[in-house]
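Written out below as structure tokens is the structure these notes cover.
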Amino acid sequence: MLSQPGSLIYHELSDDEAIRSFRSSLEKGLTAEEVACRYDQYGWNELPVKPGKPEWLRFLLQFHDPLLYILLVAGAVKAALGSWTNAAVIWTVTALNAVIGYVQEAKAEGAIASLAKAVTTETTVLREGQMLQIPSRDLVPGDVVLLTSGDKVPADLRLLKVRSLQVDESALTGESVPVDKSTTCLPATTPLAERTNMAYAGSFVTFGQGTAIVVSTAAATEVGKISQSMQQGVNLTTPLTRKFAKFSRLLLYCVLTLATLTFVVGLRQGESWSYMFEAAVALAVSAIPEGLPAVVTITLAIGVNRMARRHTIIRKLPAVEALGSATVICSDKTGTLTENQMTVQEIYAGGQCYQVSGSGYSPKGEIIALDTAGCPEQPLTEGFPIALEECLMAGVLCNDARLKQTGEHWLVEGDPTEGALITVAAKADLSQAGLAASKPRLDAIPFESQYQYMATLHEAYPQTIYMKGSIEAVLSRCSQMMDAQGNLMLIDRSQLEKLSKL
């Protein structure tokens, strides 16, 4: 019988057990008939979107507040007494409060809905012995998927074969450093962030290759569980909303008590019924602080806008005050608290030190030579020293990452360190595409953590091997280096080791 996704603990299963549990084949994958049956059983591989409330209802719910009830009634009474100006002001305040709350909630709902697109991608799948490129929504449990550098993981996968596979799982675990993957069975109690034989939907392959079997799709994936939890209705109560509700009730009781007392006392003193009713209503309306909701709403809206400029979306306005009430924030220092970007700042090549300006992955910046005292000289604009140029070329050619520009922002597809090497070369007008065309890659030795280096063979005259890695790995495989003029000289190992520790 076919196992249900989630009914087994896949990271503790062996490769053969994982394949048998889905009646699949590592050599041929699923057949068309099996795929059709599993569409009926599991549905499409896309996150379900919970039907939201109608727009008109979401807007009306913004008025669901005791103090706003009082303001609406007060405005109606003002209008009944002929004070149309006062009534218009009161209703404008309540409407403004509703509009601001509605707009902010709509933004937050849009951000939550964007999670449904987090796993939308193209993926390579093995079906009936043939490699196919299909949309990720067409995947079903039991499909055999091939992963390569730059791919987005389309579903929750159990890895079957890996070759130097590294996956960026920061969106799920918060750890910015790519995780080295393996196929080793793990104990059932292994935490999600340490399941090295699994790859989860929405994460990115930064390096290497892998073959895996789909074990969960759509809402059954880990990112699907997050999406479902965010869509659950939650009654938000913050210190501000609790105090506001308590104050509103107390104010309502006091105002009604004083208005009733005024009405009764006036009648006993012989005043007319209509006169005392108007006096009681006037007392009630004047006692209600119409400006309080406006002041609170505007203050919270300013806080929401400031948070939005820092790429933080607040779903409900009162949540801003709750954040401000926090006295201690405990957090694990991971890549989620940083920009998750690497930047080359210093270079040593040919016996010369260089300083690099600029930050992030933008190619804007300069390479500046330093004198013997470490002081900057004139920026290099052309005629780069041979040793420096060769160093930068090695960083670009011995590289599996790619840079792309989205609007004004530059993003890296792959390892952040490799992205930094491409960026610094671009500051010296060395194009990754141009170098790849002039020196095509013939073969490569992928980076292995136990060896600490990567090497690539390129077609040139003569054929050239470029290597990058830790200083220990590089020095153990080299005996010469270039001087400032590009001439070969013996390596001063002690000097380079000393510089690497600065």
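Could you give the angle, 0 to 90 degrees to the nearest 10, between helix 239-268's Cα long axis and the longest principal axis of the Cα atoms of the chain?
Helix 239-268 sits at roughly 10 degrees to that axis.
Could you pull out every residue, at least 5 positions away or on a different chain, whose amide H is within less than 5 Å of the one on Ala369? Hs are placed 1.01 Å off N in the peptide plane, and Pro or chain starts have none.
Gln355, Glu377, Leu380
Could you please report the charge total around Lys427, scoring K, R as +1 and D, E as -1 over all other residues with beta-carbon less than 15 angstrom from its beta-carbon?
-4
Modelled label-to-label distance, Leu72 and Thr406, 7 Å Cα→beta-carbon offset: nm?
Going from the Leu72 label point to the Thr406 one covers 4.1 nm.
Say each of Thr121 and Glu377 gets a label point 7 Å from the Cα, pointing the same way as Cα to Cβ; how far apart are those two points in nm?
Roughly 4.6 nm, to one decimal.
Using only the alpha-carbon atoms, what does the stretch 345-396 span along each of its principal axes? Please give whole angstrom values in decreasing order.
Rounded to whole Å, the extents work out to 29, 21, 18 Å.
Can you give me the convex hull volume of the Cα atoms of the stretch 346-500, divided per residue and expressed in Å³?
127
Seen from all sides and averaged, what is the projected area of the convex hull of the Cα atoms in the stretch 178-266, in nm²?
Here the figure is 10.6 nm², rounded to one decimal.
Given 0.36 nm per residue, what is the gain on full extension from Thr31 to His64 after removing their alpha carbon distance, in nm? Could the numbers behind the result be given before it?
Values: separation 33, 0.36 × 33 = 11.88 nm, distance 5.48 nm.
Contour length minus Cα-Cα distance gives 6.4 nm.
Quick one: if you stick a label point 7 Å off each Cα along the C-beta vector at Tyr39 and Gln228, how many nm between them?
2.4
When the helix-only estimate is applied to the chain (DSSP H runs of n ≥ 4, each -39,500 (n - 2.57), divided by the residue count), what is the mean residue ellipticity at 222 nm, nearest 500 deg cm²/dmol?
-12500 deg cm²/dmol
May I ask for the Kirkwood hydrodynamic radius of the chain, worked out over all distinct Cα pairs and given in angstroms to one decimal?
One over the average 1/r among Cα pairs gives 28.3 Å for the chain.
Given a Förster distance of 51 Å, report the FRET efficiency between Glu497 and Ala436 from their Cβ-Cβ distance, rounded to the nearest 0.05.
Once the sixth-power term is evaluated, E becomes 0.95.
Could you list the residues of the stretch 430-449 with an amide nitrogen less than 14 Å from a label point located 7 Å from the Cα of Glu459 in the Cα-to-C-beta direction?
Residues passing the 14 Å test: 436-443.
A short reminder: the numbers here are calculations on the coordinates, not readings from a lab. All values reported here derive from a predicted model rather than from experimental measurement. Positions of Cβ are backbone-derived with ideal geometry, glycine not excepted, and every protein chain shown enters the neighbour counts.
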